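S.K.: Would you mind keeping the following structure in view while I ask a few things?
The values are calculated or read from the model by the stated rules, or taken from the named source; none is laboratory data. Small disclaimer: the values here were computed from a predicted structure and weren't measured. FYI the Cβ positions are ideal-geometry reconstructions off the backbone, even for glycines, and counts take in every protein chain you see. All accessible areas refer to the heavy atoms of the entire protein, side chains included, with ligands and DNA or RNA removed. Shrake-Rupley method; radii C 1.70, N 1.55, O 1.52, S 1.80 Å.
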Amino acid sequence: MARNKYPEETQRKILDIAFRLFSEKGYDHTTIQDIVDALGMSKGAVYHHFKSKEDILDHLYDRYYVDSNMFSMMEDPSLSGLEKLRELLRRQLADPGKLDIDGIAVSFERNPQLIQLMLTTSVRDGAPIIQRLLEEGITDGSITAAQPKELAESCLILLNLWAGIFSHNQEEFMDKFRFLKAMTDALGCPVFDQAMMDTLDAYYTRLAHKISQSE
């Protein structure tokens, strides 16, 4: 069998087709066979690059973060650690490309594999970035938290899973973030100022509208 000379191009095509189908049909209603049929490839060729549908969704997020230059503010010497943290969260909530991926209809509560993936990536990939910004804030005095590693991990789990997945309406979503605001304020990391709370409210409105359009 001929070796694929362009594996990155094949991966890109798979991700492009998967993203289109996930957006049109919803993640739950898209099968690997749907992706295979749209690509005109064999199922084995898809599984050569991605081990599961969950793996494809994970790589869609990874690709977005690479392409979006999401973390460019981290090297801005004019911003404090707290300001960088706020800007990172604001970009996560306001960027149209991020909303496109977040707007894929996924029933996380019925998919333990995705919840496990979200938990793992939050602690393994996301928390070290937040920890770095917390430590910068502690150094420059904008943050007074005592345990940056534990705060980074726990906040991402609460934000991504507890608030992000297990909120069933806008009121519940905002109530959870009001709790997170009180918690982080008390721990010396006042990231959720009023502007951030307004951004969160607007994010949920836009996300709910996008998901309703795809259903």
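S.K.: For the range 157-176, state whether one or more residues are open to solvent by 50 Å² or more (accessible area, probe 1.4 Å) and touching a Lys or Arg at 6+ places or on another chain (Cβ under 8 Å).
M.R.: Yes: one or more hits.
S.K.: For residues that are outside any loop (DSSP other than H, G, I, E, B) and of a type outside the set (D, E, K, R), tally how many sit in the range 33-84.
M.R.: Number satisfying all stated conditions: 25.
S.K.: Taking Ala146 as meeting all but one of (1) over 19 Å from Arg86 (Cβ atoms); (2) open to solvent by 30 Å² or more (accessible area, probe 1.4 Å); (3) in a helix (DSSP H, G or I), write down the number of the exception.
M.R.: Single failed check for Ala146: (3).
Each row is one residue, and each column tells you yes or no for (1) more than 22 Å from Leu207 (Cα to Cα); (2) open to solvent by less than 50 Å² (accessible area, probe 1.4 Å); (3) modelled with pLDDT under 95.
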position	(1), (2), (3)
Phe108	no, yes, yes
Met118	no, yes, yes
Gly141	yes, no, no
Arg178	no, no, no
Ala182	yes, no, no
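S.K.: State yes or no: is Ser78 in contact (Cβ under 8 Å) with a residue 60 or more places away in the chain and among the polar types (S, T, N, Q)?
M.R.: When the stated conditions are applied, Ser78 does not pass them.
Per-residue answers, yes or no, for (1) more than 20 Å from Lys84 (Cα to Cα); (2) assigned to a helix (DSSP H, G or I):
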| site | (1), (2) |
| --- | --- |
| Val123 | no, yes |
| Arg132 | no, yes |
| Gly137 | no, yes |
| Ser142 | no, no |
| Val191 | no, no |
| Arg206 | yes, yes |
| Ile211 | yes, yes |
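S.K.: Please work out if Leu151 is within 26 Å of Tyr27 (Cβ to Cβ), open to solvent by less than 40 Å² (accessible area, probe 1.4 Å) and in a helix (DSSP H, G or I).
M.R.: Here the answer is no, as Leu151 does not meet what is asked.
S.K.: Return yes when Gly97 is in contact (Cβ under 8 Å) with a residue 24 or more places away in the chain, within 30 Å of Pro190 (Cβ to Cβ) and surrounded by fewer than 16 Cβ atoms within 10 Å (Cβ to Cβ) and no when it is not. Can you show your working first?
M.R.: Working: in contact (Cβ under 8 Å) with a residue 24 or more places away in the chain: yes; within 30 Å of Pro190 (Cβ to Cβ): yes; surrounded by fewer than 16 Cβ atoms within 10 Å (Cβ to Cβ): yes.
Answer is yes for this residue.
S.K.: Residues of the range 97-123 being within 13 Å of the chain's Cα centre (by Cα) and not β-branched (Val, Ile, Thr), which ones?
M.R.: Gly97, Lys98, Leu99, Asp100, Asp102, Gly103, Leu114, Leu117, Met118, Leu119, Ser122
S.K.: Still on this model: Out of all the residues in the range 1-46, which are surrounded by fewer than 18 Cβ atoms within 10 Å (Cβ to Cβ), under 26 Å from Phe108 (Cα atoms), free of Cβ contacts under 8 Å to residues at least 12 places away in the same chain and over 22 Å from the mean Cα position of the chain (by Cα)?
M.R.: Gln33, Asp37, Lys43
S.K.: Please work out if Ala105 is touching a residue at least 24 places away in the same chain (Cβ under 8 Å) and part of a loop (DSSP other than H, G, I, E, B).
M.R.: yes
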